[in-house]
Structure formats: C-alpha cells, structure tokens
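For reference, the structure is listed below as structure tokens.
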Amino acid sequence: MSETPSASPAQVALEAGERLLIRRASELGLSVGSKPNYAGRTFAGGSDTPSARLEPSDLPNHVRGLQIGRYAVLLTLLPEAPNEEGMSDLVRRVRNQCVVARSYLSAPAALDLHAILLGPRGSEGVDRWRALALIAERDERVARKLVWLRPLDASADEDSFADFVKRSFLARPWLTDDIFSMAPLDNVSRAAAFGDVPRDTAGEWIRLASESEIDPDLLVEQLVASWHRRSAR
C-alpha cells in the first residue's frame, strides 16, 4: 500500500500563509476564492503555443493565486538565503507571474493586484532580511508587493501576521473596540487668547458642539451663525 507523499516545506509555508489570509479576510467579511490561472504559466486566451506561456525558469517555483474581495493576490516565497542576487531574481519572476495574472483581469481590477511574499522561518527581526524585503517592496512595477518576514517560533505567526496586515489592503484601522474620551474640543477656548475668536463666541461653539442630540447640518448652521454674530459686533 503506497503512502501519501508528505508536503514539502515550501508547500507547508504557503498553506500556512494562505490559511492566515483566508482567516483575516473572513473576519472582514470578504469573499475568498482560489484562482489557479493567476499562478499558471499561460496567458488568458492563449493556446499551447510557446508564445502564449512562460517557462518555469521565468516564474516563482511556488506560487498560489487567490481572489480576496476585489483584490487579486499572488502568494509566494522569498529565497531561503538572504542575498541580493537571489532576491533580484525572485522579484523578476514575481513580476512575470503578475503579468500572467493581469491577463485574466480587467484594467480596473489589475490596479488592485498584490503579490505577498513570505520570508523564511526566522527571517523576522533580521536586519539583512529587512533590507532585502525593502528592495522587493519598493519594486511596484506590474503590481504592489508586500513581504511578511516570519518569526522563528511558529507559535508567534498569528501575532506577527496581524502586525503585517496592518500595512496591507486587509488593514481596517477604523474598526476598533477602543473607547475614546471626548477631548475638550481641542481647547477651542485657547483661541480666544490670540484675539481672533471672542471668548463668548468660543464658549458658544463649545456649548453647541456639546449638545449630543443636535443634527449635524443644524450644528454647522448654528456655528456659522455664531461666527457671523461675532462679525456684526
């Protein structure tokens, strides 16, 4: 009885990264679909002629295609060794893969194409890897590129990935459970000290803005009216 071949380390890394992406997308209510054509060799509408496909040596060795909401995404791996030559070659291959993916996208959708590159285990916090990651991310030809440098300990992946997505299209800084206290209206009354806003006008602004039930349009009208009254004095 034959045994099922075990997954390679590269496949394991891609699967782990894909799971984290899908989990984050699900938390945001974004649809996720597999798009093998994005990660293929053949251009959209192409046939089996050599001119319609790229050679494996011109593409990443391991890559997956996804559609996350409106974003087309390619997921691939950085080289195992932190050297500039290897990084430059990978970026070239990723650009080529992005060209293939773009052939399956409309012109507006192609603007949202992203390539996410996963660093080797333990690359997080290593200066050499950080420098190389910047080289990859600064190359925005064909598509936006983002690098997640993975921590040494796999148990830290979720926290590390959470930090990574804060600078990605999956960031939602406006969604928060934090409770904010009302600031003192930026200390509007301090403006009176410079003679530009009379103290009674500043006080009226604070009173108006403190009315929680006031309609926003009405608030604007009343603030403007208060300023006009100041001008008429």
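The values are calculated or read from the model by the stated rules, or taken from the named source; none is laboratory data. Here the structure is a predicted model, which is why all the values come from computation and not from measurement. Glycine gets a Cβ as well: all are built from the backbone with ideal geometry, and neighbour counts include every protein chain shown. These area figures cover heavy atoms from the full protein model, side chains too; ligands, DNA and RNA do not enter into them. Shrake-Rupley method; radii C 1.70, N 1.55, O 1.52, S 1.80 Å.
Quick one: Arg64 ticks every box in (1) within 18 Å of Trp148 (Cα to Cα); (2) part of a loop (DSSP other than H, G, I, E, B) bar one, so which box is it?
Looking at each condition in turn, Arg64 falls short on (2).
Do we find that Ser47 is assigned to a helix (DSSP H, G or I), out of contact with any Cys (no Cβ under 6 Å at 6 or more places or on another chain), of a type in the set (Ser, Thr, Tyr) and over 28 Å from Phe164 (Cα atoms) in this structure?
no
So Pro9 passes all but one of these: (1) over 25 Å from the mean Cα position of the chain (by Cα); (2) over 21 Å from Glu158 (Cα atoms). Which condition number does it fail?
Evaluating Pro9 over (1) over 25 Å from the mean Cα position of the chain (by Cα); (2) over 21 Å from Glu158 (Cα atoms) leaves (2) as the failure.
Please work out which residue is nearest to Glu85 (Cα to Cα), limiting yourself to segment 134-147 and to residues that are open to solvent by 10 Å² or more (accessible area, probe 1.4 Å) and outside any loop (DSSP other than H, G, I, E, B).
Among those that are open to solvent by 10 Å² or more (accessible area, probe 1.4 Å) and outside any loop (DSSP other than H, G, I, E, B), it is Ile135.
Looking only at segment 28-44, decide whether some residue is surrounded by fewer than 18 Cβ atoms within 10 Å (Cβ to Cβ) and part of a helix (DSSP H, G or I).
The answer is yes, given that some residue of segment 28-44 is surrounded by fewer than 18 Cβ atoms within 10 Å (Cβ to Cβ) and part of a helix (DSSP H, G or I).
Within segment 13-27, track down each residue that is surrounded by 14 or more Cβ atoms within 10 Å (Cβ to Cβ), touching a strand residue (DSSP E or B) at 6+ places or on another chain (Cβ under 8 Å) and not β-branched (Val, Ile, Thr).
Those that are surrounded by 14 or more Cβ atoms within 10 Å (Cβ to Cβ), touching a strand residue (DSSP E or B) at 6+ places or on another chain (Cβ under 8 Å) and not β-branched (Val, Ile, Thr): Ala13, Leu14, Gly17, Glu18, Leu21, Ala25.
Could you check how many residues of segment 83-124 are open to solvent by 50 Å² or more (accessible area, probe 1.4 Å) and not in a helix (DSSP H, G or I)?
Number of matching residues: 6.
Answer with yes or no whether Ala72 is open to solvent by less than 80 Å² (accessible area, probe 1.4 Å), of a type in the set (Gly, Ala, Ser), assigned to a strand (DSSP E or B) and more than 17 Å from Val147 (Cβ to Cβ).
Yes, satisfied.
For segment 45-59, which positions are open to solvent by 70 Å² or more (accessible area, probe 1.4 Å) and touching a strand residue (DSSP E or B) at 6+ places or on another chain (Cβ under 9 Å)?
Asp48, Arg53
Select, from Ser160, Ser155, the only residue that is modelled with pLDDT of 75 or more, of a type outside the set (A, V, I, L, M), within 23 Å of Glu80 (Cα to Cα) and open to solvent by 70 Å² or more (accessible area, probe 1.4 Å).
Ser155
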